[in-house]
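Read through the structure below, which is laid out as C-alpha cells, and then see the notes.
The values are calculated or read from the model by the stated rules, or taken from the named source; none is laboratory data. Since this is a predicted model, take the numbers as computed values, not measurements. A quick note on method: Cβ atoms are made from the backbone with ideal geometry, for glycine too, and the neighbour counts reach across all protein chains shown. Remember, those area values only see protein heavy atoms, side chains included, never the ligands or the DNA or RNA. Shrake-Rupley method; radii C 1.70, N 1.55, O 1.52, S 1.80 Å.
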Number of protein chains: 2
Amino acid sequence: MLDTFEIRLSGVTLESADLVVVLGGNANMDTAKTIIDTLAPDSLLRALSPEQLERLLAKSTRRSLKKGDVLINQGDEDGDFAVYLLSGALKISFVSAGGREIILNYSAPNELVGEIALLDSGPRTASVTAVVPSEALLLPTSTFLETVSTSPASVVGVMRELARRVRQLNLVVESDRTFSMGPRLARALVRLVDQNRDDGQLIYNPSQNDLGAFAGLARENVSRLLSEWESQGIIAREGRALLVRDAEYLELLAEFGDDI
Amino acid sequence: MLDTFEIRLSGVTLESADLVVVLGGNANMDTAKTIIDTLAPDSLLRALSPEQLERLLAKSTRRSLKKGDVLINQGDEDGDFAVYLLSGALKISFVSAGGREIILNYSAPNELVGEIALLDSGPRTASVTAVVPSEALLLPTSTFLETVSTSPASVVGVMRELARRVRQLNLVVESDRTFSMGPRLARALVRLVDQNRDDGQLIYNPSQNDLGAFAGLARENVSRLLSEWESQGIIAREGRALLVRDAEYLELLAEFGDDI
DNA sequence: TTGGGTATGTGATGAGCATCACTATTCAGC
DNA sequence: GCTGAATAGTGATGCTCATCACATACCCAA
C-alpha cells in the first residue's frame with residue numbers, strides 16, 4: 001500500500017526539449033470530489049462505485065501538463081502507472097527502427113492511456129506527450145489492477161477499450177497497405193475530428209509533420225493534399241487551424257479508398 | 001442459461017469453397033475432463049478454478065475443423081461466441097475495401113480468438129478459417145463474460161492477451177510504414193516460427209500468396225525473396241515446406257530493418 | 001496418363017510516393 | 001519590432017515495389 005507515488009522520467013525526449021516535471025501532491029478527498037463531479041457521463045471511471053472511485057483517486061496523482069511535457073518515455077522500464085486524461089490532448093507515439101516518428105493515436109479526455117505496459121510489464125513501447133495543456137490522473141499499477149479486478153463493470157470497460165484499440169489498429173493496417181495517400185490522410189483527419197462538437201474542429205491542431213507521422217506519409221504530400229482539399233472546399237483553414245467542412249466526403253474516402 | 005449452442009455461418013467464404021458445417025454436441029463432463037487434461041501449462045484457461053472451468057466447458061461446443069472450414073465470417077452479425085483453439089492453426093483475415101485479403105494473424109493452440117466482437121458487440125470485422133485440421137472450443141458470450149468477470153486471474157489473463165495483440169499490431173504498423181520488403185517478410189516468418197520446436201519449422205506452411213497477404217507485399221516479391229534467402233542458407237525448403245535456418249538473422253532484419 | 005487447377009519463378013514496365021532542394025511564411029522569444 | 005527557428009508550399013528526381021505477362025512446376029482426380 002503506497003500512499004504517495006513517485007514518477008521517474010528517464011531517457012531522451014522526442015523533441016529533446018527540456019523537461020519540467022511537475023509533481024502534484026496526491027489527490028486528496030477534496031480534489032477527489034471535484035474530479036468526480038467533472039467526470040464525463042461516458043467516463044470509464046463511472047463504472048466504479050463511489051467508494052471504489054474515491055479509493056482509486058486517493059491513491060492517484062494528479063498532473064498538470066504544459067504543452068510538450070512528456071509523461072511517458074519509450075523505453076522506460078518503470079511502467080508502473082496508467083494515465084487517465086481529464087482534459088487536454090495527448091500524443092501517443094514511438095520512434096521506429098529507422099528513426100522516424102510514428103504517431104499511433106491522439107487521446108481525448110476521459111480516455112485511458114498507457115495501461116498496456118501494466119499488463120505485460122515490459123518496457124514502455126511508446127511515448128506519451130501532452131500536445132496542449134492538459135490535466136491527467138496517474139493511476140499506480142497495483143491500485144489500478146486491484147480496482148479493475150474487483151469491479152466487473154470496469155473490467156468489461158477496460159477490455160472494451162482494448163478491443164476498440166485492436167479494431168482501430170486493424171483499420172490502420174488496412175489503410176497503410178491498400179490505400180493511397182488521400183484516403184490515408186482522410187482517415188487521420190476523421191480520427192482527429194472532435195466528437196463533442198459539430199463544427200468540424202479537431203481535438204488538436206497538428207502540424208503537417210505530425211499529420212504525416214499519424215497518417216503515414218511524407219510532410220510534403222500532406223501539404224499538397226491539404227491545399228487541394230482546401231480549394232475544393234472539403235476543408236478550411238483559419239490561420240493554422242484546420243476545419244473539416246465536408247466530413248462525409250472524408251469518411252467515404254477513409255472507408256472505401258480511392259474507389260468511392 | 002442455454003445448454004446447447006447453435007452456430008450459424010452466413011455470408012460468402014473467402015475462397016468460396018463449399019462449406020461443411022460440423023456441429024459437434026456440446027462438451028459433456030467426460031470430454032471436459034479430457035480437455036482439462038490436455039490443456040497446455042501456459043493456457044489461459046488454467047487461470048480458472050477446476051469448477052469454473054468445468055462450468056465453462058459444459059456450456060461450450062467443441063468443433064472439429066477440416067482444412068478450409070470457416071468458423072467466423074467477416075460481416076457476421078451474430079458475434080456471440082469466442083474461440084479457444086485446442087489444436088491446429090487458424091487464420092485471422094479480412095478483405096480490405098480494395099478487395100485484397102489481409103491476414104492479421106495465425107493463431108496457435110491455447111490461444112483465444114474472436115473475443116473482440118463479444119466486447120463491443122459489433123459485426124465481425126475479420127474471418128477465422130482453419131488452415132490445417134483443428135480442434136476448437138466455442139465459448140458463448142454470456143458464459144465467457146460471466147466466467148471471466150468472476151475470476152480476477154483470468155481477467156488479467158484476457159487483458160494481457162489483448163495487450164499483447166495491441167503491441168503486435170503496433171509492430172506491424174511500424175514495419176508496414178518504414179521497412180522495405182525484406183524486413184517485412186522476415187517479421188512475418190519470425191511470427192510463424194513454431195515456438196514449441198527448435199528446428200525452425202513453422203506452425204503452418206503458407207502459400208506465397210498467404211505470406212504476401214500476411215507480410216503486406218506482392219506474391220511475386222515473396223517468391224523473389226525466398227529464392228534469395230534459400231541461396232544464402234537463411235531458409236531451406238523441403239518440398240513446399242519452409243524451414244527457418246538462420247532465425248537470428250531474420251530476427252535482426254525484423255527488428256532493425258535494412259540497416260542492421 | 002492426362003489434363004486442369006493451383007502454386008511458383010522471373011523479366012519488363014510504370015505508378016506512386018519519398019526524398020531532395022529550395023523558397024516563402026509564420027511564430028515565439030528577446 | 002526584430003531575428004532565428006519552426007512550419008509550410010512546390011517543383012524535379014529517382015527508388016521501391018505493384019502489376020502485368022508469361023513460363024514452369026506441382027498436385028490431384030478422373
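Quick rundown of the values:
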read-out: Dipole of segment A:156-212, positive direction: furthest Cα of A:TYR204, A:VAL156, A:LEU189, with charges on the beta-carbon; value: A:VAL156
read-out: Point-charge dipole on Cβ atoms (K/R +1, D/E -1) for segment A:84-213, about Cα centre, debye to 20; value: 380
read-out: Amide H contacts under 5 Å for B:PHE81, placed H, 5+ residues apart; value: B:THR141
read-out: Average accessible area per residue (Å²) across the protein assembly as shown - probe 1.4 Å, nucleic acids and ligands excluded; value: 45
read-out: Average beta-carbon neighbours from other chains, 10 Å sphere, peptide B:104-117; value: 1
read-out: Listed residues B:VAL173, A:ALA117, B:SER127: farthest to the positive end of the dipole of the protein assembly as shown (Cβ charges); value: B:VAL173
read-out: Buried area at the A-B interface (accessible, heavy atoms, 1.4 Å probe, summed, Å²); value: 3900
read-out: Shape of the protein assembly as shown, Cα gyration tensor, a/c cut at 1.5; value: oblate
read-out: Cα pair count fraction exceeding 17 Å, expressed as % - segment A:170-214; value: 36
read-out: Expected-Rg normalisation [2.2 N^0.38 Å, Cα atoms] applied to segment A:129-193; value: 1.55
read-out: Reduction of at least 50 Å² in accessible surface, 1.4 Å probe, comparing all protein chains with the chain by itself, residues of segment A:72-98; value: A:ALA97
read-out: Charge dipole (debye, nearest 20) of segment B:164-217; +1 at Cβ of Lys and Arg, -1 at Cβ of Asp and Glu; value: 280
read-out: Copy-to-copy label separations for B:SER87, where each label sits 7 Å from Cα toward Cβ, in nm and ascending; value: 6.0
read-out: With every protein chain in place, the protein assembly as shown: carbon and sulfur % of accessible area (1.4 Å); value: 50
read-out: Relative contact order %, chain A, counting alpha carbon pairs below 8 Å whose residues are six or more apart; value: 17
read-out: For segment A:58-142, convex hull of alpha carbons as volume per residue, Å³; value: 84
read-out: Total lysine pairs whose alpha carbons fall under 20 Å of each other in the protein assembly as shown (8 or more apart, or interchain); value: 6
read-out: Three-way shape call for segment A:54-96 based on the alpha-carbon gyration tensor, with the a/c threshold at 1.5; value: oblate
read-out: For B:GLY68, distant residues with modelled amide H under 5 Å away; value: B:ALA130, B:VAL131, B:VAL132
read-out: About the Cα centre, charge dipole magnitude for the protein assembly as shown (Lys/Arg +1, Asp/Glu -1 at Cβ), debye; value: 160
read-out: Other copies of A:THR38: label-to-label distances in nm, shortest first, labels 7 Å along the beta-carbon direction; value: 5.6
read-out: Distant-in-sequence amide H partners of B:GLN74 (H built 1.01 Å from N, under 5 Å); value: B:SER127, B:VAL128
read-out: Other-copy label distances relative to B:ASN209, 7 angstrom Cα-Cβ extension, nm; value: 4.5
read-out: Highest average packing first - A:192-198, A:94-100, Cβ atoms within 10 Å; value: A:94-100, A:192-198
read-out: Segment B:82-230: radius of gyration and largest Cα-Cα distance (Dmax), Å; value: 16.5, 53
read-out: Principal semi-axes in Å for chain B [√(5λ), Cα gyration tensor, largest first]; value: 33, 20, 18
read-out: ³J(HN,Hα) computed for each position of segment A:61-73 - Karplus, 6.51 cos²θ - 1.76 cosθ + 1.60, integer Hz, glycine/proline x; value: 10, 9, 10, 9, 10, 8, 3, x, 5, 9, 8, 9, 10
